[in-house]
1. I'd like the full set of residues that are assigned to a loop (DSSP other than H, G, I, E, B) and open to solvent by 40 Å² or more (accessible area, probe 1.4 Å), limited to the stretch 3-19.
2. With the structure loaded, tell me whether Ala52 is exposed (fewer than 10 other Cβ atoms within 10 Å of the Cβ), aliphatic (A, V, I, L, M) and in a helix (DSSP H, G or I) or whether it fails that test.
Amino acid sequence: MAISSHGLKKLGFTPLTDFVLQNAGDGNGTFIAEWLSASPQPTESEIETAHATWQAEQDAQAYARARAEAYPPMADQLD
C-alpha cells in the first residue's frame, strides 16, 4: 500500500491545508510533496494503518450504500 489522502484524512489532516500529495509518475505511487501542518508528519506505516481502518469502515457500509441507491428517498416514497 502507499500513502493515501484517505489515510491522512482519517488521521485528522486536511488536504491542501495540512498536506499536498503528488503522484511520482514512475510507478512508485503517491508521496507527500509538501507537509504544511504544524503537527509532525505521520510515518508511512501510520498512514497505511489509518487507510486500512478507513477502508474497513467503507466496506462495512457498502451494503447500506447500495440499498440506499436502490430506493428513492423516503419523502418520495411517502408521496
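The values are calculated or read from the model by the stated rules, or taken from the named source; none is laboratory data. Being a predicted model, the structure only gives us computed values, none of them experimental. Note that each Cβ is placed from the backbone with ideal geometry, even for glycine, and that neighbours are counted across all protein chains shown. When the accessible area is computed, the model is the full protein with side chains, heavy atoms only, and any ligands, DNA or RNA have been set aside. Shrake-Rupley method; radii C 1.70, N 1.55, O 1.52, S 1.80 Å.
1. Leu11, Gly12, Thr14, Leu16, Thr17
2. Against the criterion (exposed (fewer than 10 other Cβ atoms within 10 Å of the Cβ), aliphatic (A, V, I, L, M) and in a helix (DSSP H, G or I)), Ala52 does not qualify.
Conditions (1) over 19 Å from the mean Cα position of the chain (by Cα); (2) surrounded by 10 or more Cβ atoms within 10 Å (Cβ to Cβ); (3) at pLDDT 90 or above; (4) among the aliphatic types (A, V, I, L, M), marked per residue:
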residue	(1), (2), (3), (4)
Leu21	no, yes, yes, yes
Asp26	yes, no, no, no
Thr30	no, yes, yes, no
Glu44	no, yes, yes, no
Gln58	no, yes, yes, no
Glu69	yes, no, no, no
